[in-house]
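Q: Pasting in a structure now, in structure tokens, and then I'll have a few things to ask.
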Amino acid sequence: MTDNWFIEKYTPYSGLGFSVRERLHDQQSPFQRIEVFENADYGRVLTLDGCVMLTDRDEFVYHEMITHPAILTHPAPENVLIVGGGDGGTVREVCRHPEVKRVDLVEIDEAVIEVSRRFFPGLTTRLEDPRVTIRCMDGFEYMDAHQGAYDVIIVDSIDPVGEAAKLFTSSFYSKVHAGLRENGTAVFQTESPFFSSDVLARVLRLLRPHFSFVQPYLAFIPTYPSGMWSFTIASLRGNIMEQGLLRQPGFQGEMKYFTPEMFNSAFSLPNFIKTALAD
Ligand code: AG3
């Protein structure tokens, strides 16, 4: 039964399986194994080293939710940096905002961009936007050379394993802090609070010394471990939740997940997460 199935194992005992209708791509890049396959429920699925990065069907949740809270709470989000995110989904969402004048995408693996261009045109069209500049290099090194340059920094990383583990360290967070202009905001994908509340707790602890406001929020992403995903927003402007959304998006009708109500409710955490983060 599992012959033509792709299974991402979350632990040795559980995971999520997809029946593979068609294998479209399989490549070992200098950084990772990149696969694309087709599933009858979720459409095309992109995996890196066996972990689901996105599917056609639910990618909107992650990309809208990693982008709009940070951009819409910033008074003037003109310069935006995206670290990771080579699939283009976050660029697409950032480019919806007319206030944004410049978007720098720093992705370590050029092959992810190529594969996404070929198999996920719905994510990559905005890579051609004249405001976008793509750099294929290590985000850690890029940050050293670009201090005080950005209003918003979005860290669209993979899980904290291998090379990406350094994007979850205090030394990276101090580079992100240094990369921001006055009033800046950073946002990070921070894993499943159900399976990995230790990761989330550690990120919060490491971010707090650098930012005046650090707050996790949640979104429902069916194809990520446990379906419950966290992001963490960190700002140099104090409590941006209290200040609320500074603009109503003119493109609200195009959103599939994000609404002003979702913005407010996403910051409410279930008690088991509060307890895990308090330990
Ligand atoms: N970045 C976060 C993916 C984490 C998923 N983890 C997993 N499946 N184990 C996604 C990139 C989308 N732009």
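The values are calculated or read from the model by the stated rules, or taken from the named source; none is laboratory data. Being a predicted model, the structure only gives us computed values, none of them experimental. Neighbour counts are summed over all protein chains in view; Cβ atoms, including those assigned to glycine, are modelled from backbone coordinates with ideal geometry. These accessible areas exclude ligands, DNA and RNA; they are computed on the full protein's heavy atoms, side chains included. Shrake-Rupley method; radii C 1.70, N 1.55, O 1.52, S 1.80 Å.
Q: How big is the range 1-152 on each of its three principal axes, counting only the C-alpha atoms and giving the largest first in Å?
A: In descending order, the Cα extents are 53, 30, 29 Å.
Q: At 222 nm, what helix-only mean residue ellipticity would the chain give, in deg cm²/dmol to the nearest 500, using -39500 (n - 2.57) for each DSSP H run of four or more?
A: -8000 deg cm²/dmol
Q: While we're looking at this one, here's another question. What is the pair-distance distribution P(r) of the range 91-249, computed from all Cα-Cα distances in 5 Å bins starting at 0, with each bin given as a whole percent?
A: 2, 8, 16, 20, 22, 19, 11, 3, 0
Q: Further question on the same structure: Rounding to the nearest 10 and keeping the result within 0 to 90°, find how far the Cα-based axis of helix 197-207 lies from the longest principal axis of the chain.
A: 30
Q: Using a Gaussian network for the chain with springs between C-alpha atoms less than 10 Å apart, which of these wobbles most: GLY250, GLY50, GLY88?
A: Evaluated over the chain, the most mobile residue of the options is GLY250.
Q: Any lysines with Cα under 20 Å of the LYS166 Cα? List them, leaving off those in the same chain fewer than 8 positions away.
A: Qualifying lysines at Cα under 20 Å: LYS175.
Q: Counting heavy atoms of the protein chains only and a 1.4 Å probe, report the per residue accessible area for the chain as a whole number of Å².
A: 43
Q: A further question on this structure: In Å, what Rg and Dmax follow from the Cα atoms of the chain?
A: Computed over the Cα atoms of the chain, radius of gyration and Dmax are 17.8, 56 Å.
Q: If you find the alpha carbon centre of the range 71-130 and of the range 154-187, how far apart are they in angstrom?
A: 17
Q: Pull up the DSSP beta bridges for the range 59-278 and report the antiparallel fraction as a percent, rounded to 5.
A: Among the beta bridges of the range 59-278, antiparallel pairing accounts for roughly 40 percent.
Q: Of SER157, CYS136, ALA276, which is farthest on the positive side of the dipole of the chain, counting Cα position, with +1 on Lys and Arg Cβ, -1 on Asp and Glu Cβ, and the Cα centre as origin?
A: Sorting the options by dipole projection puts first ALA276.
Q: Relative to the longest principal Cα axis of the chain, at what angle does helix 59-72 sit, 0 to 90 degrees, rounded to 10?
A: 10
Q: At 4 °C and 1.567 mPa s, what whole-number value in µm²/s does Stokes-Einstein give for the translational diffusion of the range 5-55, with Rh from the Kirkwood sum over Cα pairs?
A: 116
Q: Placing +1 at every Lys and Arg Cβ and -1 at every Asp and Glu Cβ, with all other atoms neutral, what dipole size does the chain have around its Cα centre, in debye to the nearest 20?
A: Here the size comes out at about 620 debye.
Q: Taking 0.36 nm per intervening residue step and subtracting the Cα-Cα distance, what contour gain separates PHE220 from ASP279 on full extension?
A: Between PHE220 and ASP279, full extension yields 18.8 nm more.
Q: Output the 0 to 90 degree angle, nearest 10, between the alpha-carbon long axis of helix 110-119 and the longest principal axis computed from the alpha carbons of the chain.
A: 60
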